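All remarks here apply to the structure that follows.
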Amino acid sequence: MVVIFMLAVSAVITHAVLERLRETQERHLSALSTTFLEGLASAVLPYVLREDVWEVFDAIERNATLSVGFGRAFIVITDERGRTLASSNPLDVPLGADRASLNDRFAASQLLFVDAGDGKAHARKILRYQDRDIGRIFADYDITHLVAERRNVLTTLIATNAFLTLCLAALAYWTIRRMLSPLARLSRHIDSGAAGPLVPIDLAGTGHHDSEFARLFRRYNTLVEALSEREELARQLAAEERVASLGRLASGMAHEINNPLGGLFNAIDTLRTHGERPAVRTSSIELIERGLRGIRDVVRTVLATYRADRHLRPLVPEDLDDMRLLIGSEVRRKNVDLGWRNAVVGELALPASAIRQILLNLTLNAVSAVAEGGRVLVDIACLSAEFRLVVEDDGSGLSPAAADVLTGRSTRPLLQGEGAGLGLWVSQRLAAGLGGRIAVETSAAGGARIVVVIPLPEIAEHRDVA
Amino acid sequence: MPPPGTASVAPRSDRRRLLLAGGFAGLAALAAPRVLRAERPFQFGLTPVFLTSDLVLLEALQAYLSRALDGEVRLVLRRTYQEITSQLVAGQIDAAWICGFPFVAYRSRLELVAVPVWRGRTTYQSYLIAGARAPGAALKDLKGHVHAFSDPDSNSGYLVTRAGLAETGERPESFFGRTFFTYGHRNVVRAVASGLAQSGSVDGYVWEVMTETEPELTSRTRVIWKSDWMGFPPVATSAGRLREDSIARLQRGLQRMAADPLGQRVLGLLRLDGFALADPGLFQSIADRVALVGRD
C-alpha cells in the first residue's frame, strides 16, 4: 500500500520534472533560435533581395553553428515563392528546389516546433524587407542531446525514486514490524493462555520500560496474576467445600447410624430381659440384623462414593439409588416429599463416581432450596444415545448467577448469596468433562428444573440397545 | 590576378556605404592619417582572385613591398576585379595585381610591371571542375548545370568558359541551368565541393595550390577539363607610369623577391617561384578570347 502510494507519488514527480525540463529546454532553444535566426536574417537579407546565391550560401556556411551543443543546424533559405536560394546541404536541397512545403509544417504564426521523435526542432523565420515577404529561413536543429538529456534525467529519476521507494518501504516495514512486535508478543501470550496457563510477559526482555507497550505488558501481567490468584482461591474453596461436604456427609451418616441405634439398643435390652423367649429373641435378632444391615448399607454407600477412584467404573442403577439413601437424612429432616424414578437398566459406560457426584449435588441443592414439607422430583432415564437426569423442585428457583454457574456461562463458582459454594460449579465441570451439558428451566411445580444431558459413548449405546 | 576572396562583404551596388571587414578596416585606418599629409603612400591593389584571406600573407607582402619601395605601401583590397581595375585605370591606385582579362581589355591604358612565375613558367590554365563523382569530360557535358563562375572580369573564372561556349554559339545564360558569381576562385571550389554548384570555372593555379592547402575541399571536386596555357595574372600599372621611380622600385622589388628571405616567405605562401618581366604578347590567347566573345 505504502509502496504503491510512493510509486504513484514518484511517477507524478517524475512527470512534473520531465515536463518542466522539456519546457525549459524548449524555451532555451526558442530563445537561441530566435537570436540565431535574427542574426542570420540580417546577414542574408541583402543577398536574398538580390538573389545572390553565393553570398546567401556563404552566410549560411559561416552561421550554421547555432551554439554549443546544437552542432550545425540544417538551414534552407527560400525566396518568397518557396524556391531554394541556398541550403546548408546543397546536395540534399539543391538550388532552386521547391521547398514551399517546409512552410506548411508551421501553424499560422508558429516559429518553432519540436519533434522529439526524430530528435529535431524545426524553426522558421520570415524575411521581411519594407513590409514585404522576400523569403524564409528554415532551420532544423539537432536536439538529440536534449532528448538524451531528458532520457538521462528520466533514467536517473526512475532509478533514484525506485531506490528511495524501496528503502522507505523497507524502512516502513521494519519500523511497523518493530512497533507491532510487542503486540505480536502479547498476542502470543494470550493465545498460549487459551491453551494452557497464562504466563506473565518477561518485561526484562522488552527494552521498552517506559513505553505504552511496557505499561500494557504490566497491566497484562497484573491481569494474569489476578487470574492466577483467583484460580488458586477457587482451588482452596473447592478443597474447603470438600471438607465441608464431608462434614455434612459425616453428620448425615452419623444420623443414619444413630437412627437405628436406639432401636438396636432397645432390641438388646429386650433380649437381655426376655431373651429366653424364643419369639422375642427371634424378632429382636431380626430387628438388630435389619438395623445393622441399614448401618452397613450406609457405610458401604459412603465408601463407594468417596473411594476417590477416578478410574472408569461403569455406572449401574444401584449407584444412583444409593444416592437416595445418602440424602435420606436431609429429606426426612425437612420432611421433603421426594419423588424418585430411576429408569436406568443395566450398565452404562459412564464414570459412576462423577454421575453420582452430580446427582448428589443437584439433589442436595434441590432439597435445601425447598421449604419445609416441599417437593423434589428426581427422574433418571437413559434415552437412545444419552443419559438424562432431571431434578426439579417447588422452591423459589435458581438465581440467574447460580444458573450461569450451572450452565457454564460463568466459569467461576459463586462465593456468596444463593447457590453459593462449589456444588453447582463442580457439577457443571463434571458434566462438561463428560461432554454433556446442563440446562436450567422452570419447573411445572414452580421451582427450578435442572436437566443434565450426557451423551453415551457408542459402545455403551450398543450395549444399552442390546 | 590578385589576392583571395576574403573580405567580400561589400555588395557591388552599395560598396561605398559598407565597411570593409576586419583586418582591411584596420589597414585603411592605418593609412588614413598619411593621406592627410602631402606624402601619399604607395597604393598597391589586390583582387580577390588568389589564394586565401591570409592576413599573414598580406602583412608579409606589405612589409616586403614597403621595404622594396623604401616607403609606406598600402594594400588596397576590393571584392571584385572591376573595382580594382577601374581604380587602376583611373590612376587612383599606383599598381595592382590584376587578371589577364582586364589587362587585355584595358591594354591601351595599362602597362605590364611583372608576371608571376609558377612552376617555372609565367603561364597558367583554367579548369572546369565538377563534383568528385560527377560524370563528364568536356564543357559540353555541363549543359543544364548550376555553374559557378569566379568573377565576370576573370579570365580563368569566366572568360575561358564563356569563349568556349561562344565557339559553339552558346551563351552561359542559355547553356547552363543557372549561374552565379562567387567573386573568388576558392569560393568556386567551395561551391562545387558543397554541391551548391554542379560545376565551376576556376583558376588552375588556385585549384592546384588548394590541393596542398585544403585537400579536403579539392578532393570533393574533380577537374574535368583544362584549358591551354595562358599568361599568368600580371602586376600592372597605369599607362605611362612605368618609368616612375616608385614603379621602377616595385618592378625591381618583385624581380628580386626570390632572393630575399622575406620575399621568399611571401612567395612560399603564394606557392610562386618569383616574378619576371614579360612581353605583353604573353596575353595574346586571352586577347583572342576577348575578341571571340566580342567584348572590348
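The values are calculated or read from the model by the stated rules, or taken from the named source; none is laboratory data. These numbers come from a predicted model, not from an experiment. Because the Cβ atoms are built from the backbone with ideal geometry, glycine has one as well, and the counts that use them run over all protein chains shown.
Residue pairs whose Cβ atoms lie under 6 Å apart, sitting 6 or more positions apart in sequence or on different chains, and linking a residue in the range A:94-120 that is over 25 Å from B:G195 (Cα atoms) to a partner that is part of a loop (DSSP other than H, G, I, E, B), are A:G119/A:I143. Residues being without any contact (Cβ under 8 Å) to a residue 12 or more places away in the chain, within 23 Å of B:L270 (Cα to Cα) and out of contact with any Pro (no Cβ under 6 Å at 6 or more places or on another chain) are represented in the range B:54-63 by at least one member.
Quick grid of which residues meet (1) touching a Pro at 6+ places or on another chain (Cβ under 7 Å); (2) within 13 Å of chain A (Cβ to nearest Cβ); (3) of a type outside the set (V, I, T):
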{"site": "B:F181", "(1), (2), (3)": "yes, yes, yes"}
{"site": "B:Y205", "(1), (2), (3)": "no, no, yes"}
{"site": "B:T211", "(1), (2), (3)": "no, no, no"}
{"site": "B:L242", "(1), (2), (3)": "no, no, yes"}
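Residue pairs whose Cβ atoms lie under 7 Å apart, sitting 6 or more positions apart in sequence or on different chains, and linking a residue in the range A:372-385 that is outside the structural domain of A:G328 (by TED's automatic domain parsing) and on the phi < 0 side of the Ramachandran plot to a partner that is among the aromatic types (F, W, Y) and at pLDDT 90 or above, do not occur here. Taking the range B:237-296 as the range and being closer than 18 Å to B:G71 by Cβ, among the polar types (S, T, N, Q) and within 20 Å of the chain's Cα centre (by Cα) as the test, the residues that pass are B:T237, B:Q251. Name the residue, out of A:L85, A:L66, A:L91, A:L111, that is at pLDDT below 85 and either within 30 Å of B:R220 (Cβ to Cβ) or hydroxyl-bearing (S, T, Y) (or both). Just one listed residue meets the conditions, A:L66.
Within the range A:42-54, if we keep just the residues that are more than 8 Å from chain B (Cβ to nearest Cβ) and without any contact (Cβ under 8 Å) to a residue 40 or more places away in the chain, the residue that is surrounded by the most Cβ atoms within 10 Å (Cβ to Cβ) turns out to be A:A43.
The requirement of being modelled with pLDDT under 85 and touching a strand residue (DSSP E or B) at 6+ places or on another chain (Cβ under 7 Å) is fulfilled somewhere in the range A:143-158, by at least one residue. Within the range A:1-23, being surrounded by 11 or more Cβ atoms within 10 Å (Cβ to Cβ) and of a type in the set (V, I, T) holds for A:V2, A:V3, A:V9, A:I13, A:T14, A:V17. Is there a residue in the range B:120-129 that is in a loop (DSSP other than H, G, I, E, B) and within 14 Å of chain A (Cβ to nearest Cβ)? The answer is no, given that none of the residues of the range B:120-129 is in a loop (DSSP other than H, G, I, E, B) and within 14 Å of chain A (Cβ to nearest Cβ).
Conditions (1) closer than 27 Å to B:V202 by Cα; (2) aliphatic (A, V, I, L, M), marked per residue:
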site: B:W225; (1), (2): yes, no
site: B:V235; (1), (2): yes, yes
site: B:R243; (1), (2): no, no
site: B:S246; (1), (2): no, no
site: B:A259; (1), (2): no, yes
site: B:L269; (1), (2): yes, yes
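So, B:A163, is that one more than 14 Å from every other protein chain (Cβ to nearest Cβ), assigned to a strand (DSSP E or B) and touching a Leu at 6+ places or on another chain (Cβ under 7 Å) or not? Spelling it out, it is not the case that B:A163 is more than 14 Å from every other protein chain (Cβ to nearest Cβ), assigned to a strand (DSSP E or B) and touching a Leu at 6+ places or on another chain (Cβ under 7 Å). For the range B:224-238, the condition of being farther than 28 Å from B:R107 by Cα, within 14 Å of another protein chain (Cβ to nearest Cβ) and touching a residue at least 12 places away in the same chain (Cβ under 8 Å) holds for none of the residues.
I want to confirm something. Restricting to the range B:53-112 and keeping residues that are assigned to a loop (DSSP other than H, G, I, E, B) and small (G, A, S), which single residue is farthest from B:P234 (Cα to Cα)? If we take residues in the range B:53-112 being assigned to a loop (DSSP other than H, G, I, E, B) and small (G, A, S), then B:G71 is farthest from B:P234 (Cα to Cα). Only residues that are touching a residue at least 12 places away in the same chain (Cβ under 8 Å), more than 14 Å from chain A (Cβ to nearest Cβ) and more than 24 Å from A:E51 (Cβ to Cβ) were counted across the range B:130-160, and they come to 9. Scanning the range A:75-91 for any residue that is within 14 Å of chain B (Cβ to nearest Cβ), in contact (Cβ under 8 Å) with a residue 40 or more places away in the chain and under 19 Å from A:L29 (Cβ atoms) turns up at least one such residue. Filtering B:V206, B:V293 for residues that are at pLDDT below 95, surrounded by 21 or more Cβ atoms within 10 Å (Cβ to Cβ) and either out of contact with any Ser or Thr (no Cβ under 9 Å at 6 or more places or on another chain) or closer than 22 Å to B:L139 by Cβ (or both) leaves a single hit, B:V206. For the residues B:L165, B:L196, B:L139, the requirement of being over 14 Å from the mean Cα position of the chain (by Cα) and buried (at least 24 other Cβ atoms within 10 Å of the Cβ) singles out B:L196. Residues in the range B:260-291 that are assigned to a loop (DSSP other than H, G, I, E, B) and among the charged types (D, E, K, R): B:D260, B:R271, B:D273, B:D279. Residues being within 20 Å of A:A116 (Cα to Cα), free of Cβ contacts under 8 Å to residues at least 24 places away in the same chain and not hydroxyl-bearing (S, T, Y): count how many of those fall in the range A:139-178. Going through the range A:139-178 one residue at a time, the tally reaches 3. For the range B:165-201, the candidate set comprises residues that are touching a helix residue (DSSP H, G or I) at 6+ places or on another chain (Cβ under 6 Å) and among the hydrophobic types (A, V, I, L, M, F, W, C); within that set, the residue that is farthest from A:Y47 (Cα to Cα) is B:A166.
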